[in-house]
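First comes the structure, then the notes that go with it.
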Amino acid sequence: MLTLAGLGVSPGVAWGPAALLRQRQPAVRYLIAPPRVAMETGRLEAAREATARQLRAVLAKVAGSAVAEFSHLFEAQLLMLDDPMLVARAKSIIARERINAEWALDRAFDEFSAIFAHVEDAYLRERRGDVADVVGRLRHNLLAAHPGAADFLPDLAAPAILVAADLAPSFAAQIDRRTILGLALETGSRTHHSAILARSLGLPAVAGAAGVTRHILPGTVVLVDGDRGTVVIDPTPEALDEAAARAERLRTRAASARAAERGPALTADGVAILFQANIERPEEAEDAREAGAEGIGLFRSEFLLGARTVDEFDEESQYLVYRDLAERMAPFPVTIRTFDVDESHGAHEGGRNGADLDLERDETASRGPLGLRAIRLSLNRRDAFETQLRALSRAACHGSLRVLLPFVSGVEEVREAKTVLEGAWRAACRGIAGAPPRVPVGAMIEVPSAALTVDLLAAEADFFSIGTNDLIQYCLAVDRTDGRVARLFDPLHPAILRVIRHVARLARRRRRTVAVCGEMASDPRALLLLLGLGVTEFSMRPSAIPTARHLVRRVAMADAQRASARALGLATSGEIAAMLAEAFPGAVAGPGGENDGPLEEDEP
Ligand code: PEP
Ligand code: MG
């Protein structure tokens, strides 16, 4: 048994065999079920044939060119393809060890390399490079015939713990909680999208666990402990028993919290508080309803994209999803945030679904979060934006929909977006008897410039939603995805309280509603402060809602306001946390309140 420490980013415990996702050298390694053996050997054979075709084409080109003397290199590579030590060996490894084709190929190559390493002849030793070249081509062709690494997920022999260096959102979005039990990640932080998704799905997750991809072999039993922030490799039977008992306690607690938290959310002095849900996938609408959410405050529509670019997602498919969501949540509203993705989803290079797809591209195609992202990308890809807004306008005939613009930095973006929406609405009118209803337009407040100009934005936007995940990172200059600076990502920082007070005040004066949809609201201490700062609408992952409602009902708004006023006079988040702990003993356990169970029963 070996325990690796990380950061618990999604509570709970889960254990199972590891499935390893290697992104740097695009390969996935997992055990396969017996009926899958023929398919994996077939994939390898298809990759061999594709490689042979490509090499013959290269050979034909080289033969008639000025570099004809290199022909022998490719002839040799063609021979290597038929060498019993390579593809044939990999096939027998698949059959004997029941592992996927990519992994078996790597194994065969390692054996091949080991032999070359010991030959005396330098010329022959150098030939290892030629074999590596052939293997690279084979790998590439395997991946091309198996586009989107997420395809491997349904093929797992048994539900597994996903072990990876990092998870691209397009991959994370395809995780199915029936096949993935938990996540063990090398990098990441609480507000990384993979962590947010894990919490939404109720999957225990540990991020920042250095070395997991090196120490864990595929198929090894791994225990992910999201409460303690540890990844245990080869846990003892006692450790597994303890984890099972804890998981059962958590399940019972969560169920009783849900049952106890029905009915209107009123503070102890009778102020109505609205709780809506953040979801990433349509099926989570059920979780939202079950948790008592009165609508969807944030549907992260980009999670629908998977590996597609924004212009590859057709109107009809989008319309069906938005309509389904509106119908499922009726009579409550559903807020669809337009795609919050960067250039890697905006590029229409043809290769994304083609032969040169690999996982690394997902990471390198982007130039970072301050580039062509979110509303900026939408306005740059007008056709795709209009498609999304047309789908939304049509779906609005079937329920209450609102549109939320991500990463707004100024008034012009909202104006331009409304012009595109107007065109989309007119187009939607043409296909429908009677005009579809107008969709209210909201702006995310997550860029400091938007926070400072809420009064100006109020002339264009119908409502606001504060995205504290981004607002905090840009106000405090702390990369939310970098676990090394996670301690500096501080929702209780005096600057954050001030900026939220400013937004809430300006919005109130302009009669615009303002919700908080960032993760901050699911921290009980922050929730108390937000209430006191004048925020009465929240959107959070469904599993956090019962705890938050429970807290709200035990707190008088007047007390929350007093606490916020005091907090605004304090200099550090440490002082603010201490003041809250004193003012609301028991209610503010700190981020431990993330555990999704009811808070302690002490009255504030
Ligand atoms: C936010 O930034 O707080 C937010 C809700 O959006 P996301 O986490 O998807 O960036
Ligand atoms: Mg954001």
| said: So residue 446 ticks every box in (1) more than 16 Å from ligand 1 (Cβ to nearest atom); (2) charged (D, E, K, R); (3) touching a Leu at 6+ places or on another chain (Cβ under 6 Å) but one. Which box is left unticked? | reply: (1)
| field | Test for residue 267: is it buried (at least 19 other Cβ atoms within 10 Å of the Cβ), of a type outside the set (Asp, Glu) and touching a His at 6+ places or on another chain (Cβ under 7 Å) | value | no
| query | Restricting the stretch 209-233 to residues that are β-branched (Val, Ile, Thr) and under 21 Å from residue 486 (Cβ atoms), which is surrounded by the fewest Cβ atoms within 10 Å (Cβ to Cβ)? | reply | 230
| query | With respect to residue 199, is the statement that it is at pLDDT 85 or above, over 24 Å from the mean Cα position of the chain (by Cα) and open to solvent by less than 50 Å² (accessible area, probe 1.4 Å) true? | reply | no
| note | Result of the Cβ filter at 6 Å on the stretch 320-347, keeping first residues that are farther than 20 Å from residue 540 by Cβ and outside any helix (DSSP H, G or I) and partners that are within 13 Å of ligand 1 (Cβ to nearest atom) and polar (S, T, N, Q), at least 6 apart or interchain, is 339/301
| query | When you look at residue 98, is it at pLDDT below 85 and of a type in the set (Lys, Arg), yes or no? | reply | no
| said: Of the conditions (1) away from ligand 1 (no atom under 13 Å from the Cβ); (2) assigned by TED's automatic domain parsing to the domain that holds residue 571, residue 521 satisfies every one except a single condition; which number is it? | reply: (1)
| query | Hey, which of the helices (runs of 4 or more DSSP H) in the stretch 491-590, taking only ones fully inside, have at least 3 residues that are more than 27 Å from residue 452 (Cα to Cα)? | reply | 545-554, 573-583
| message | When you check residue 250 against the structure, is it over 27 Å from residue 32 (Cα atoms) and either small (Gly, Ala, Ser) or modelled with pLDDT under 90 (or both), yes or no? | response | yes
| Does residue 90 meet the test of being buried (at least 19 other Cβ atoms within 10 Å of the Cβ) and either in the same structural domain as residue 214 (by TED's automatic domain parsing) or not basic (Lys, Arg) (or both)? | yes
| said: Of everything in the stretch 507-523, what is over 9 Å from residue 468 (Cβ atoms) and modelled with pLDDT under 95? Give them in sequence order. | reply: 522, 523
| note | Taking the stretch 474-484 and keeping residues within 22 Å of the chain's Cα centre (by Cα) and either modelled with pLDDT under 90 or open to solvent by less than 40 Å² (accessible area, probe 1.4 Å) (or both) leaves 478, 480, 481, 482, 483, 484
| request: Collect the residues in the stretch 497-551 that are within 16 Å of ligand 2 (Cβ to nearest atom), touching a helix residue (DSSP H, G or I) at 6+ places or on another chain (Cβ under 6 Å) and without any contact (Cβ under 8 Å) to a residue 60 or more places away in the chain, keeping them in residue-number order. | output: 499, 503, 516, 520, 521
| request: Could you tell me which residue of the stretch 531-548 is most open to solvent (accessible area, probe 1.4 Å), considering only residues that are more than 13 Å from ligand 1 (Cβ to nearest atom) and touching a strand residue (DSSP E or B) at 6+ places or on another chain (Cβ under 6 Å)? | output: 537
| Out of all the residues in the stretch 191-201, is one or more hydroxyl-bearing (Ser, Thr, Tyr), within 21 Å of residue 404 (Cβ to Cβ) and touching a residue at least 40 places away in the same chain (Cβ under 8 Å)? | yes
| message | Cβ-Cβ under 7 Å, sequence separation 6+ or interchain: first residue in the stretch 136-163 and more than 17 Å from residue 50 (Cβ to Cβ) and open to solvent by less than 50 Å² (accessible area, probe 1.4 Å), partner modelled with pLDDT under 60 and assigned to a helix (DSSP H, G or I). Which pairs? | response | 149/359
| request: Would you mind stating whether residue 488 is over 25 Å from the mean Cα position of the chain (by Cα) and either away from ligand 2 (no atom under 16 Å from the Cβ) or surrounded by fewer than 20 Cβ atoms within 10 Å (Cβ to Cβ) (or both)? | output: no
| request: For the stretch 319-344, enumerate the residues that are more than 16 Å from ligand 2 (Cβ to nearest atom) and buried (at least 23 other Cβ atoms within 10 Å of the Cβ). | output: 322, 325, 326, 329, 334
| task | Find the strands (runs of 3 or more DSSP E) located wholly in the stretch 1-114 whose residues include 3 or more that are acidic (Asp, Glu) and closer than 30 Å to residue 165 by Cα, and list them. | result | none
| request: Report whether or not residue 462 is within 16 Å of ligand 1 (Cβ to nearest atom) and farther than 24 Å from residue 564 by Cβ. | output: no
| said: Suppose the filter is in the same structural domain as residue 408 (by TED's automatic domain parsing) and either at pLDDT below 95 or more than 14 Å from ligand 1 (Cβ to nearest atom) (or both); does residue 299 pass it? | reply: no
| query | Residues in the stretch 234-250 that are surrounded by 12 or more Cβ atoms within 10 Å (Cβ to Cβ) and under 18 Å from residue 199 (Cα atoms): how many? | reply | 3
| message | Out of the residues in the stretch 270-318 meeting the condition of being in a helix (DSSP H, G or I) and small (Gly, Ala, Ser), tell me which one is surrounded by the fewest Cβ atoms within 10 Å (Cβ to Cβ). | response | 317
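The values are calculated or read from the model by the stated rules, or taken from the named source; none is laboratory data. In this text, all values refer to a predicted model and were calculated from it rather than measured experimentally. Heads up, the Cβs are rebuilt from the backbone with ideal geometry, glycines too, and the neighbour counts pull from every protein chain shown. The protein model used for the area step is the full one, side chains on, heavy atoms only, and it has no ligands, DNA or RNA in it. Shrake-Rupley method; radii C 1.70, N 1.55, O 1.52, S 1.80 Å.
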